[in-house]
Amino acid sequence: MISMQIEIYDKPAELRLIEACRNGYDTIFSMERPEKGSADNTIRAGLIRALLLGTGDCTPPARGLWIEGAWITGKLDLQGEALPVPLVLRDCTLPALYMPGTHLPKLDAQGLQCRGDLHLRGGFQAIGLVDLVGATITGQLACDGGKFLAEDKALNCDAITVVGSLFLSEGFEAQGEVNLVGAKIDGQLDCTGGQFLAEVKSLN
């Protein structure tokens with residue numbers, strides 16, 4: 001049983017993630033995105049936040065906090081935090097991800113299913129690639145005011161599905177390539193006031 005701040009993290013999947021983090025390992029619950037939660041794959045968002053911020057006696061590995069195939073409960077709110085390591089959430093499912101004002105080395109969210117909004121806006125900054133290949137976002141993907149500073153590939157939205165709108169607008173800045181090839185956006189694509197300093201691979 002691990003106590004971090006108020007919550008007690010004692011579920012099998014949570015204990016496995018903590019142990020892997022302590023030993024510098026990746027945590028792979030499944031190679032496919034889960035359709036439902038179970039004792040073997042369910043993690044509370046608060047634990048991910050605590051591990052990223054080094055709360056308690058555990059700090060994330062230098063190569064990043066790497067999680068695959070997890071069912072994450074609760075919104076993951078990292079607003080305004082400076083994360084020292086990359087965050088990898090491959091083929092995970094979670095209700096929402098909020099990162100306004102967050103600074104981090106890079107974000108790998110290939111195959112992510114976000115059952116609400118994904119906010120990479122309002123002062124968000126990534127030095128390396130933000131990779132959303134194959135992600136499904138049932139709300140909006142808001143990147144307005146976000147800075148994507150990788151000089152090669154900055155934002156990869158290849159084959160992404162956004163049920164709401166995609167905002168690459170007011171204050172958005174991409175130093176490197178923005179890839180929207182194969183993207184499906186049910187709402188609007190708003191790039192008003194966005195700065196694209198390299199190639200944009202478009203939906204067509």
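The values are calculated or read from the model by the stated rules, or taken from the named source; none is laboratory data. Keep in mind it's a predicted model, so treat the numbers as computed, not measured. Methodologically, a virtual Cβ is constructed for each residue, glycine included, from the backbone with ideal geometry; neighbour enumeration extends over all protein chains shown. What goes into the accessible areas is simple: the full protein's heavy atoms, side chains included, and nothing from ligands, DNA or RNA. Shrake-Rupley method; radii C 1.70, N 1.55, O 1.52, S 1.80 Å.
Just for segment 194-204: of the residues that are in contact with a strand residue (DSSP E or B) (Cβ under 7 Å, 6 or more places away or on another chain) and part of a loop (DSSP other than H, G, I, E, B), which one is least open to solvent (accessible area, probe 1.4 Å)? Write out each step before concluding.
Of all residues in segment 194-204, those in contact with a strand residue (DSSP E or B) (Cβ under 7 Å, 6 or more places away or on another chain) come to 195-201.
From what's left, part of a loop (DSSP other than H, G, I, E, B): 197-199.
Details: LEU197: 97, ALA198: 43, GLU199: 105 Å².
The residue in question is ALA198.
Test each condition in (1) among the small types (Gly, Ala, Ser); (2) touching a strand residue (DSSP E or B) at 6+ places or on another chain (Cβ under 7 Å); (3) modelled with pLDDT of 95 or more; (4) surrounded by fewer than 21 Cβ atoms within 10 Å (Cβ to Cβ) for GLY56 and report the one that comes out false.
(3)
Please verify whether ASP26 is over 23 Å from PRO84 (Cβ atoms) and of a type outside the set (Val, Ile, Thr), treating the condition exactly as stated.
No: the conditions fail for ASP26.
Which residue, of THR73, THR93, is without any contact (Cβ under 8 Å) to a residue 60 or more places away in the chain and polar (S, T, N, Q)?
On the way: THR93 fails: without any contact (Cβ under 8 Å) to a residue 60 or more places away in the chain.
The match here is THR73.
Which one of these does ASP26 not meet: (1) surrounded by fewer than 21 Cβ atoms within 10 Å (Cβ to Cβ); (2) within 14 Å of the chain's Cα centre (by Cα); (3) under 23 Å from ASN156 (Cβ atoms); (4) of a type in the set (Asp, Glu)?
All conditions are met except number (2).
Would you point out the residue of segment 5-19, among those that are touching a helix residue (DSSP H, G or I) at 6+ places or on another chain (Cβ under 9 Å) and acidic (Asp, Glu), that is least open to solvent (accessible area, probe 1.4 Å)?
GLU14
Restricting to segment 38-47, name every residue that is free of Cβ contacts under 8 Å to residues at least 40 places away in the same chain and within 16 Å of GLU68 (Cβ to Cβ).
SER38, ASP40, ASN41, THR42, ILE43
Check whether at least one residue in segment 116-128 is of a type in the set (Phe, Trp, Tyr), in a loop (DSSP other than H, G, I, E, B) and either crowded, with 18+ Cβ neighbours inside 10 Å or in contact with a Phe, Trp or Tyr (Cβ under 8 Å, 6 or more places away or on another chain) (or both), and report yes or no.
Yes, there is a match, as at least one residue in segment 116-128 is of a type in the set (Phe, Trp, Tyr), in a loop (DSSP other than H, G, I, E, B) and either crowded, with 18+ Cβ neighbours inside 10 Å or in contact with a Phe, Trp or Tyr (Cβ under 8 Å, 6 or more places away or on another chain) (or both).
Return the residues of segment 170-193 that are within 21 Å of GLY123 (Cβ to Cβ), part of a loop (DSSP other than H, G, I, E, B) and open to solvent by less than 10 Å² (accessible area, probe 1.4 Å); say none if nothing qualifies.
Matches in segment 170-193: PHE172, GLY176.
Let's see how each residue does on (1) within 22 Å of LEU112 (Cα to Cα); (2) open to solvent by 50 Å² or more (accessible area, probe 1.4 Å); (3) in a loop (DSSP other than H, G, I, E, B):
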site	(1), (2), (3)
CYS21	yes, no, no
SER30	yes, no, yes
ILE43	yes, no, no
GLY46	yes, no, no
LEU51	yes, no, no
ALA62	no, yes, yes
ILE67	yes, no, no
ILE72	yes, no, no
GLN79	yes, yes, yes
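Would you call GLN113 more than 18 Å from the chain's Cα centre (by Cα) and at pLDDT 95 or above?
Numbers: more than 18 Å from the chain's Cα centre (by Cα): no; at pLDDT 95 or above: yes.
So GLN113 fails the test.
From the residues in segment 129-153 that are aliphatic (A, V, I, L, M) and more than 14 Å from the chain's Cα centre (by Cα), which one is surrounded by the most Cβ atoms within 10 Å (Cβ to Cβ)?
Of everything passing the filter in segment 129-153, ALA150 is surrounded by the most Cβ atoms within 10 Å (Cβ to Cβ).
Name the single residue, out of those in segment 81-98 being farther than 16 Å from PRO60 by Cβ and among the aliphatic types (A, V, I, L, M), that is surrounded by the fewest Cβ atoms within 10 Å (Cβ to Cβ).
ALA96
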